[in-house]
C-alpha cells in the first residue's frame, strides 16, 4: 500500500501539467475488476480521472483505440495528458453513473421501464456504429494480445469455464469428449462473419451515462470479430436481468439498425446469436466460479443463479448444442440443479 501515495503524487503532477493547478483533492476510485488504479482529481470546476497501469502495451492499446473512436465520433473519454514512462495518463471524468447501477435503481418489481428501453436502444445504435462504422477502417495493429477473435480466444473462454466452474463443482464429464465438443463449437463459431470491431466486454458496467447518453470505457480488449458477441454480452448480462420479451425486442431492433449499414440474413444471424450467447454465459460462469467459488467473493456467488437462469433459457435454442453431447451433459447438470433448487 506504500505505493499508493506515490501514484497519487505522480497523477497530481500530471494534473498540474494539464490544468495549470495542483488538484485540491485526489481520491482513489474503487475498482473491483482490473489491476488498474484510478483516481479522481479535482481543482475547482476542473476534474479528471487519473489512471495508473503498469501494463505498457495495454495502455498503448487504450490510447490508440480512444483516438480511433474519437475520429469516428464514438463517445469515449477524452485523453487529457499521458506520461507512459510513469505508467500514468489522465482522461475525461464522465461521472459515476454506470448503466448497470442506473438500471438496478430504475427497476421497479423487476420491470424494465420505458426510459431503460429508450437508453438501451441508444446503446444499441452506438454499438452498431462502433462495430460497423468505426470498425470499417479500424487499425487493429495496436490490439492488446489478440488482434482477432480466433480459435485461441474461443478456447480460452471455454476452458476458463471448465477450469473455474465445471471442475470446481466436480461436475461429471469426460474430459476428452468435452475437448472434442469445444473443438467443434469453436469451428462452428469461426464460420460467422468476423470483419467488425468486437468490444469484447460490451456490458453495462462499461457504459457510463452522461445526461442519459452512453459513453464507453474499458475497450482495450477489443479486436476484430463477429457482431453477435458484443450484442449478447449486453443483452445476456446476468446482473442486468433484462426480461426475455425485452431482450428479444432489442435483438430485433439491433438487426433493423445494422441493416441500415450492411445486409443481414436474419435467421442466420439469430442462429449464431444464440451460439455466441452460450459461450458468453459459460465465460461468465467461469468468471463467477473464479471470483466467487474459488476466491469466495460474495458478490460473484450471488450472481451465479442469474447466469444459470440465462443458461436455462438458452439450452433449447442453440442448434449446434445437439452436436455437442458432452457439453450438453454438463449444461443439463447445471440447469437441472438450478430448476430443482427452485422447486
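Picking from 103, 41, 14, which residue would you name as being modelled with pLDDT of 95 or more and assigned by TED's automatic domain parsing to the domain that holds residue 132?
Answer to the selection: 103.
With respect to residue 83, is the statement that it is surrounded by fewer than 15 Cβ atoms within 10 Å (Cβ to Cβ), at pLDDT 95 or above, touching a helix residue (DSSP H, G or I) at 6+ places or on another chain (Cβ under 8 Å) and under 30 Å from residue 138 (Cα atoms) true?
When the stated conditions are applied, residue 83 passes them.
Could you grab me the full set of residues in region 54-107 that are within 19 Å of residue 26 (Cα to Cα) and either in a helix (DSSP H, G or I) or out of contact with any strand residue (DSSP E or B) (no Cβ under 9 Å at 6 or more places or on another chain) (or both)?
86
Applying the selection to region 96-105, what residues are loosely packed, with under 14 Cβ neighbours inside 10 Å and under 20 Å from the mean Cα position of the chain (by Cα)?
96, 104
So is residue 306 assigned to a helix (DSSP H, G or I), assigned by TED's automatic domain parsing to the domain that holds residue 131 and out of contact with any helix residue (DSSP H, G or I) (no Cβ under 6 Å at 6 or more places or on another chain) or not?
no
Determine whether residue 55 is in contact with a helix residue (DSSP H, G or I) (Cβ under 8 Å, 6 or more places away or on another chain) and within 27 Å of residue 130 (Cα to Cα).
Criteria not met by residue 55.
Can you tell which of 108, 54 is over 19 Å from the mean Cα position of the chain (by Cα), assigned by TED's automatic domain parsing to the domain that holds residue 210 and over 21 Å from residue 233 (Cβ atoms)?
Answer to the selection: 108.
Select, from 285, 327, 290, 321, the only residue that is surrounded by 19 or more Cβ atoms within 10 Å (Cβ to Cβ) and either closer than 25 Å to residue 204 by Cβ or within 23 Å of the chain's Cα centre (by Cα) (or both).
Just one listed residue meets the conditions, 285.
Being out of contact with any helix residue (DSSP H, G or I) (no Cβ under 7 Å at 6 or more places or on another chain) and modelled with pLDDT of 95 or more is true for just one of 50, 20. Which residue is that?
Residue meeting the stated conditions: 20.
Hey, could you check region 146-173 for residues that are part of a loop (DSSP other than H, G, I, E, B) and out of contact with any helix residue (DSSP H, G or I) (no Cβ under 8 Å at 6 or more places or on another chain) and say which is surrounded by the fewest Cβ atoms within 10 Å (Cβ to Cβ)?
170
The values are calculated or read from the model by the stated rules, or taken from the named source; none is laboratory data. From a predicted model like this one, the values you see are computed outputs, not experimental measurements. Neighbour counts are summed over all protein chains in view; Cβ atoms, including those assigned to glycine, are modelled from backbone coordinates with ideal geometry.
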